[in-house]
Amino acid sequence: AALSKVKDVDIKGGWKVDEPVPYAALTKTFSLIEATTKRLEKTALLTSFLLLVIQRSSKKDSKALLQAVYLCINRLSPDYIGIELGIGESLLIKAISESTGRSLATIKADLKKEGDLGLVAMNSKNSQKTLFKPKPLTVAFVFSNLLDIALSSGHSSQAKKVSIITKLLAACQNFEAKYLIRSLEGKLRIGNAERSVLVALAHAAVLAEHEKAGKKWSTEKLGAKLEEGANNMKAVYSELPSYEKVIPALLEYGINDLREHCKLTPGVPLKPMLAKPTKAIGEVLDRFEGKRFTCEYKYDGERAQVRSTSCLMEPVAVFSRNSEDMSKKYPDLVEQLPKCIKDSTKSFVLDAEAVAFDRSTSKLMPFQELSKRKRKDVKVEDIQIRVCLFAFDLLYLNGEPLLHKTLHERRKLLLDHFTVVPGEFDFAKSSDGETVDEIQAFLEESVKDGCEGLMVKMLETDASFYEPSRRSVNWLKLKKDYLAGVGDSLDLVVVGGYYGKGKRTNVYGAFLLACYDDSAEEYQTICKIGTGFSEEVLQSHYEVLKPLERASVRGDVKVGGAKPDVWFEPQVVWEVLTADLSLSPIYMAANGLIDERGISLRFPRFIRIRDDKNADDATGPEQIAEMYERQALAAGGGKKKKGGD
Ligand code: ATP
């Protein structure tokens, strides 16, 4: 229905069949997507655009479709290659000024009023009189220039970036400047999450096949094919999160056979499976009653996906929770691991936790110790804090993906193909005990040994298959903190700062935090946090956050009544614990889910910086609403509190 509703929208403009994809068609689509709040309509609009691109692509030439999809998700490469946009505001203001002849002060004043530099750029461009109509921009041209910008480094790179942006802006017409600037800032803000882009891509591929087949399918058949296509695409992408692999295969083999041709390979790190929090052992038993499950130590370190595409030929590589290559951060792991790989192991992908380990006492050390290690260009001989890798899953072995084997089978393969090297490599300690007393005893043992608690996992049947990128009910986390009644921690983005008082006037003394709503693509303020920081910690936060200061709040931050002294680019993620959640007249988190008002944290406490998480990975409003409801239930009768600053 949504597709037929957008059928007559003219995205194409004057775009002819044999011409490259015009940037105007893409940005027109963006503007239509931004203008509707209906999710299905957003997806349908993107589908219509991608269908046009697919119809103009061939089996051998997937570049145009790849670049178009990358611009839709505002990326230039797969995550694990890590080429990133995110150009600072002052540089963009400079380029807008150079390209339009408007002064920096006027642009800044407009920005303060509009809160969206994209809009300011578009208005500045459109009010400019031009003598000659510029040559139309193409997706290919914009993409390659964005890539040049992202890749340029060194001392003259700022000037080079400004000059490329100025050149691009000079050629912008209609909506182009708005989305170009937003792309450069790192956020499109059209309310189209990557999930919907995957669905739109699948739908476009199905519609292309439908047209090829002479549009003879019944509405029911088409509907079923669209659904099947979207499911295929989501399954494929979660195993192989690389458009560089999936898009050529889509054009070559079609959506129906995509699964056959795109499987987990050690060359592309996959997004890890995540767990749901549980508050009590009773809840674990309710969920897993009558099924076989296992409890493992929940180690307090950093998630590490370790792979080797060929154990004899290639050193192992280590990837983070976010698919960033951490091999340079953990050269010691890269050196240690070959010793624990048995001869029968030719290629593999392990899921594991890297944990700080004291070799003199053979004891685990907390995450705080691990976080003292340098992040980049670490040299093995300089390492003070040693790391032991605790493997808990095997996802790929000797050319075969194992995701659809049971955990019981995967674990057996893991034990058979790797060897323990004390202090360097071990298997996650586990117990298959099933009574409350057994779980309680194992939980206490895990805490005594320096772990955060337990991970409880389904062991058999298809419920124990590995589910990449899913927060699954088949993995439950049972942290000691939950049992003390505090609940799970939240990962929140620092969006604003308040100047310190007294001794603290040279640093920020308090911070404004926000959660992230990935369907609306917006940050929602949740609390001010300002107690419990030492002078030293405040100083280091200042050094990280000062360069992220902005002249005004970014348009995708839903502020409510908060009034910080400065605003930041939303980039830094902190893990925070709270004593209590309450409805708030000031903050906006989860507004509309429980109440018109938002939810706020009372007495928030800073735990640690989460530099393994992007701002988009911050806790979402649904989870916050869920925490609020649980708390209301626990308090008996859903009593709602007021206040909240
Ligand atoms: P999430 O990953 O669920 O968003 P998070 O990153 O804050 O949350 P936790 O809530 O602490 O992490 O729980 C999951 C994490 O626990 C995993 O990502 C992994 O790094 C770690 N972990 C430690 N031991 C295990 C284990 N035995 N099995 C799975 N994960 C483990």
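The values are calculated or read from the model by the stated rules, or taken from the named source; none is laboratory data. On a predicted model such as this, the values are computed, not experimentally measured, just so you know. Note that we place each Cβ from the backbone using ideal geometry, even for glycine, and neighbour counts take in every protein chain shown.
Listed values, structure above:
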quantity: Of all residues making up the stretch 376-407, the number that are in contact (Cβ under 8 Å) with a residue 12 or more places away in the chain and more than 23 Å from residue 451 (Cα to Cα); calculated: 16
quantity: Residue in the stretch 262-300 that is farthest from residue 626 (Cα to Cα), counting only those that are of a type in the set (Gly, Ala, Ser) and out of contact with any Lys or Arg (no Cβ under 9 Å at 6 or more places or on another chain); calculated: 290
quantity: Qualifying residue in the stretch 321-329 (condition: closer than 28 Å to residue 408 by Cβ and assigned to a strand (DSSP E or B)); calculated: no
quantity: Where residue 516 falls short, out of the listed (1) surrounded by fewer than 21 Cβ atoms within 10 Å (Cβ to Cβ); (2) under 23 Å from residue 182 (Cα atoms); (3) within 16 Å of the ligand (Cβ to nearest atom); calculated: (1)
quantity: Any hit, the stretch 380-396, residues being more than 16 Å from the ligand (Cβ to nearest atom), surrounded by 14 or more Cβ atoms within 10 Å (Cβ to Cβ) and of a type in the set (A, V, I, L, M, F, W, C); calculated: yes
quantity: Hits in the stretch 589-609 - residues which are over 23 Å from the mean Cα position of the chain (by Cα), outside any strand (DSSP E or B) and surrounded by 24 or more Cβ atoms within 10 Å (Cβ to Cβ); calculated: 604
quantity: Residue 127 being touching a Ser or Thr at 6+ places or on another chain (Cβ under 9 Å), free of Cβ contacts under 8 Å to residues at least 40 places away in the same chain, surrounded by fewer than 16 Cβ atoms within 10 Å (Cβ to Cβ) and among the polar types (S, T, N, Q); calculated: yes
quantity: Residue satisfying all of: in the stretch 424-471; among the small types (Gly, Ala, Ser) and either crowded, with 19+ Cβ neighbours inside 10 Å or within 14 Å of residue 283 (Cα to Cα) (or both); farthest from the ligand (Cβ to nearest atom) among these; calculated: 464
quantity: Top-ranked residue in the stretch 242-263 [being within 20 Å of residue 465 (Cβ to Cβ) and buried (at least 21 other Cβ atoms within 10 Å of the Cβ); ranked as nearest to the ligand (Cβ to nearest atom)]; calculated: 262
quantity: Residue in the stretch 485-494 that is loosely packed, with under 14 Cβ neighbours inside 10 Å and either more than 12 Å from the ligand (Cβ to nearest atom) or hydrophobic (A, V, I, L, M, F, W, C) (or both) present; calculated: yes
quantity: Of all residues in the stretch 565-587 being within 24 Å of the chain's Cα centre (by Cα) and part of a loop (DSSP other than H, G, I, E, B), the one that is farthest from residue 627 (Cα to Cα); calculated: 569
quantity: Single residue of the stretch 14-33 satisfying the filter (outside any helix (DSSP H, G or I) and not β-branched (Val, Ile, Thr)) that is surrounded by the most Cβ atoms within 10 Å (Cβ to Cβ); calculated: 22
quantity: Check on residue 481, within 13 Å of the ligand (Cβ to nearest atom), of a type in the set (Asp, Glu) and either modelled with pLDDT under 95 or under 26 Å from the mean Cα position of the chain (by Cα) (or both); calculated: yes
quantity: Tally, over the stretch 308-357, of residues that are among the acidic types (Asp, Glu) and in contact with a helix residue (DSSP H, G or I) (Cβ under 7 Å, 6 or more places away or on another chain); calculated: 2
quantity: Of the criteria (1) within 25 Å of the chain's Cα centre (by Cα); (2) modelled with pLDDT of 95 or more; (3) farther than 21 Å from residue 241 by Cβ; (4) among the basic types (Lys, Arg), which one residue 307 fails; calculated: (3)
quantity: Filtered residue count, the stretch 293-318, keeping only those that are of a type in the set (Ser, Thr, Tyr), in contact (Cβ under 8 Å) with a residue 40 or more places away in the chain, out of contact with any Phe, Trp or Tyr (no Cβ under 7 Å at 6 or more places or on another chain) and more than 10 Å from the ligand (Cβ to nearest atom); calculated: 1
quantity: From 290, 282, 267, residue being more than 13 Å from the ligand (Cβ to nearest atom), more than 30 Å from residue 345 (Cβ to Cβ) and touching a residue at least 12 places away in the same chain (Cβ under 8 Å); calculated: 282
